[in-house]
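The values are calculated or read from the model by the stated rules, or taken from the named source; none is laboratory data. Note that the coordinates shown come from a computational prediction; the quantities given were computed from them, not determined experimentally. A quick note on method: Cβ atoms are made from the backbone with ideal geometry, for glycine too, and the neighbour counts reach across all protein chains shown. Ligands, DNA and RNA are stripped out before the accessible areas are found, and what is left, the full protein with its side chains, is counted by its heavy atoms. Shrake-Rupley method; radii C 1.70, N 1.55, O 1.52, S 1.80 Å.
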Amino acid sequence: MGSSTVVVKIGSNTLTDKNGRVDPGFVADVMGQVASLRSRGIQSVIVSSGAIAAGIEALGLSSRPTAMRELQAAAAVGQARLMETYAKAASAHGLSVGQVLLTRHDVGVRSAYVNACRTFEALLGMGVVPVVNENDTTAVDEIRFGDNDYLAALVAMMVQASLCVFLTDIAGLYDRDPRRDPAARLVEQVESLTPEVLEAAGGPGSSVGSGGMSSKIEAARALMDAGIPLVICDGRRPQVLVDAVEGKSVGTLFAGGKARRKARKLWLAYAGHAAGSVVVDAGACDALCLRGRSLLPAGVVDVLGTFDAGDPVVIVDAEGREVARGLAGMSAENLRRVKGLRTETIREREPDIAGKEVVHRDHLVILDDVRENGSSGG
């Protein structure tokens with residue numbers, strides 16, 4: 001295998017021991033595998049949970065706090081402890097680590113996203129192993145809902161990874177819940193996210209962390225769209241990371257294949273933070289989703305939020321279902337002045353705005369579930 005980059009996501013339950021403490025031995029083992037891959041010209045980026053767990057240990061707390069400010073305080077203390085553990089493990093192999101803390105804002109704003117991509121490029125170019133985590137000290141929503149699975153998928157897109165590996169506390173995706181049904185079978189490969197796969201994923205179920213198989217499926221959806229394969233496997237299995245990179249069957253492989261979207265549209269679909277929403281009628285839905293047209297003011301029913309030209313916006317149907325994402329061609333203020341009007345009328349009333357699309361088709365991403373199920377129009 002030539003020079004490439006693998007993104008390794010480590011969940012809280014995998015990173016910690018039975019007492020909920022960060023396990024230095026496990027971190028050392030992972031870093032040993034990272035060093036082994038480096039010797040073959042394969043770079044690694046680690047997306048690590050565990051800051052709050054490390055903070056709970058450092059502060060001597062008996063259980064995970066429930067108050068947001070206490071969670072953020074635990075994360076602040078734990079980030080330093082966590083990085084110290086990774087740095088010590090890396091130094092044993094002559095490697096250096098660099099901390100990268102991200103929030104939704106960092107990846108949701110295009111300029112910040114591009115800057116983060118350049119930072120990753122520089123770190124990898126210097127031979128540093130980036131260790132990524134959400135900035136839990138400030139990112140309230142991330143603590144509340146947990147999203148490191150999805151963050152790992154975004155990081156994989158940012159570094160143009162050849163593979164993403166989720167080291168978890170289970171062997172992979174099963175056809176049904178193995179905790180309830182001992183006859184459940186491991187699904188070794190997933191080519192597409194069928195209703196059966198989605199049903200098997202179930203819901204969140206982690207006690208230490210905050211993600212579940214359902215969040216991993218959403219990450220898989222994004223990665224498959226980007227053409228990046230994903231392996232979900234038992235992180236405690238010996239040499240599992242190396243085996244996954246070598247293509248051995250170690251869990252569930254979500255096939256990557258050819259990227260379905262270009263980098264900019266991947267950002268729009270999965271990372272872009274929407275500044276507002278545009279509600280469209282059934283005819284506009286059909287034009288966008290089935291005929292590949294741009295969105296014009298005539299099809300707009302309502303405008304929600306405040307945005308400027310060039311900001312990411314969500315396009316929803318009359319029932320509130322998200323059907324597309326795109327870059328606004330005009331501000332929310334201007335759109336409110338011309339929504340529902342045909343081009344001829346706009347030329348007469350608002351000549352300065354005439355001829356502008358709400359969202360041009362070149363800056364538009366239709367969401368997969370809409371494409372697969374048809375538009376919302378009747």
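Some points to look at:
- A Cβ distance below 7 Å, combined with a sequence gap of six or more or placement on separate chains, defines the contacts here; from the stretch 273-299, residues that are in contact (Cβ under 8 Å) with a residue 24 or more places away in the chain reach residues that are in a strand (DSSP E or B) and charged (D, E, K, R) in the pairs Ala274/Arg325; Val279/Asp302.
- Qualifying residue in the stretch 168-182 (condition: closer than 22 Å to Glu218 by Cβ and either modelled with pLDDT of 95 or more or in a helix (DSSP H, G or I) (or both)): no
- First in the stretch 252-272 and more than 18 Å from Val155 (Cβ to Cβ) and touching a residue at least 12 places away in the same chain (Cβ under 8 Å), second anywhere and surrounded by 20 or more Cβ atoms within 10 Å (Cβ to Cβ) and among the acidic types (Asp, Glu), Cβ under 6 Å, 6 or more apart: Arg260/Asp225
- Yes/no for Ser44 being in contact (Cβ under 8 Å) with a residue 60 or more places away in the chain and hydroxyl-bearing (Ser, Thr, Tyr): yes
- Of all residues in the stretch 167-179, those that are on the phi < 0 side of the Ramachandran plot have Cβ atoms under 7 Å from Cβ atoms of residues that are among the basic types (Lys, Arg) and surrounded by fewer than 16 Cβ atoms within 10 Å (Cβ to Cβ), 6 or more apart or on another chain, in Tyr174/Arg185; Asp175/Arg185.
- Checked against the criterion of being at pLDDT 85 or above and surrounded by fewer than 18 Cβ atoms within 10 Å (Cβ to Cβ), the stretch 149-163 contains one or more residues that satisfy it.
- Check on Ala226, closer than 18 Å to Val314 by Cα and open to solvent by less than 50 Å² (accessible area, probe 1.4 Å): no
- All conditions but one from (1) within 17 Å of Leu163 (Cβ to Cβ); (2) without any contact (Cβ under 8 Å) to a residue 24 or more places away in the chain apply to Gln239; the one that does not is (2).
- Each residue in the stretch 88-116 was checked for being in a helix (DSSP H, G or I), crowded, with 18+ Cβ neighbours inside 10 Å and over 16 Å from the mean Cα position of the chain (by Cα), and 2 of them qualify.
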